[in-house]
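Visitor: If you scroll down you'll find the structure; I have some questions about it.
The values are calculated or read from the model by the stated rules, or taken from the named source; none is laboratory data. Bear in mind the structure is a predicted one, so any value in this text is a computation, not a measurement. As a convention, Cβ positions derive from the backbone with ideal geometry for all residues, glycine included, and neighbour counts pool all protein chains shown. Ligands, DNA and RNA are excluded from the accessible area calculation, which covers all protein heavy atoms including side chains. Shrake-Rupley method; radii C 1.70, N 1.55, O 1.52, S 1.80 Å.
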Amino acid sequence: MSIWTGSSENSLVQLKDLEKCRVLTKAEMEAVKGDHKYIISVDVARSERKRTATTAIAIFKIIPRGNGTYIKHLINVHTYKGNMHFEEQSIYIKELVDKFQASMVVIDGNGLGRGLLDYLVKEDKYPSYSVVNDDGTYEKYKLPNSLPLIFNIMSNTKQTNASDIHNNFMTVIANHDLKMLVSENIIKEKTKIKDYEKLGEILLPHVETSLFVDEVMNLTYEAQGNKTRVKRVSKQMEKDRYSAVSYGLYYIYLLERKNQRRKKETFDTRGFMAIKKPKYRVFG
């Protein structure tokens, strides 16, 4: 009854590349001090059959390289199932933002994601959030104290096109530009913890990362003109974790491009200001 995963000619990525990315031995459960920031990315469940709806949350730590790009660590993956109300989901996400002092929440605003956004922009025991790339839909909910913490992924728009999101994911993995948690089996072999409850807490992010890998290896890509489409081989396996991770990676990519443009503009401005008029000596 096990599910086979492996690489085929049109696999989204190669299994060997994913395995090379699995180098982190310790998950992070809250923010740690250092020259980095945290990004939280959410894919809201699309299936509600038999209470198996799964919302996936990917937590990234990004460390500046100094050239506008980041070293990317996927330091934790959360999922929750069942019919959790959007209000409860909103508070859960805000608690994670507070715990990790996250600088942005990247969320899929299509379909059910819109329902979650409706609660995130409202004030509860936490301040309301505002959408930084709002097209005007959520402007009326913005309060003076709203925190600009939501980046809305709309895969049918030019800025966050689905094909670009898939292609960026493929590039990141092929270049081994994402560091992920090692397999739970490696941790089991090395740990001396006898408390099963504590061990379970430690292993859970590693298990979720392994399930993410399984989801990715269940995906194939299909090029249609200039578009890339992703399909599931087995329809029994969802791709919620993949979606959350790919959305987060794409936001980081956009952030890197913005940093590099800003750096280039600063360089060009300084270069322009540094030019001095040549001095001419008049002979005669």
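Visitor: Does the range 100-119 include one or more residues that are at pLDDT below 95, of a type in the set (D, E, K, R), open to solvent by less than 40 Å² (accessible area, probe 1.4 Å) and outside any loop (DSSP other than H, G, I, E, B)?
Guide: Checking the range 100-119: at least one residue is at pLDDT below 95, of a type in the set (D, E, K, R), open to solvent by less than 40 Å² (accessible area, probe 1.4 Å) and outside any loop (DSSP other than H, G, I, E, B).
Visitor: Quick test for you: out of 94, 125, pick the one residue that is on the phi < 0 side of the Ramachandran plot and in a loop (DSSP other than H, G, I, E, B). Walk me through how you get there before you give the answer.
Guide: Numbers: 94 fails: in a loop (DSSP other than H, G, I, E, B).
It is 125.
Visitor: Report, by residue number, each residue of the range 177-232 that is of a type in the set (Lys, Arg) and either in a helix (DSSP H, G or I) or surrounded by 13 or more Cβ atoms within 10 Å (Cβ to Cβ) (or both). It would help to see each step written out before you state the result.
Guide: The first filter runs over the range 177-232 and keeps only residues of a type in the set (Lys, Arg), leaving 179, 188, 190, 192, 194, 198, 227, 229, 231-232.
Answer for the range 177-232, where residues must be of a type in the set (Lys, Arg) and either in a helix (DSSP H, G or I) or surrounded by 13 or more Cβ atoms within 10 Å (Cβ to Cβ) (or both): 179, 188, 190, 198, 227, 231, 232.
Visitor: Shifting gears a bit: Looking at the structure I just gave you, is residue 83 in a loop (DSSP other than H, G, I, E, B) and under 23 Å from residue 125 (Cβ atoms)?
Guide: Working: in a loop (DSSP other than H, G, I, E, B): yes; under 23 Å from residue 125 (Cβ atoms): yes.
For residue 83, the condition - in a loop (DSSP other than H, G, I, E, B) and under 23 Å from residue 125 (Cβ atoms) - is met.
Visitor: Could you please let me know if residue 160 is in contact with a strand residue (DSSP E or B) (Cβ under 8 Å, 6 or more places away or on another chain), open to solvent by 50 Å² or more (accessible area, probe 1.4 Å) and assigned to a loop (DSSP other than H, G, I, E, B)?
Guide: Judged against the criteria, residue 160 is not a match.
Visitor: Let me ask something else about it. Please state which of the following conditions residue 93 fails to meet, knowing it meets all the rest: (1) within 16 Å of the chain's Cα centre (by Cα); (2) open to solvent by 40 Å² or more (accessible area, probe 1.4 Å); (3) not basic (Lys, Arg).
Guide: Just one mismatch for residue 93, condition (2).
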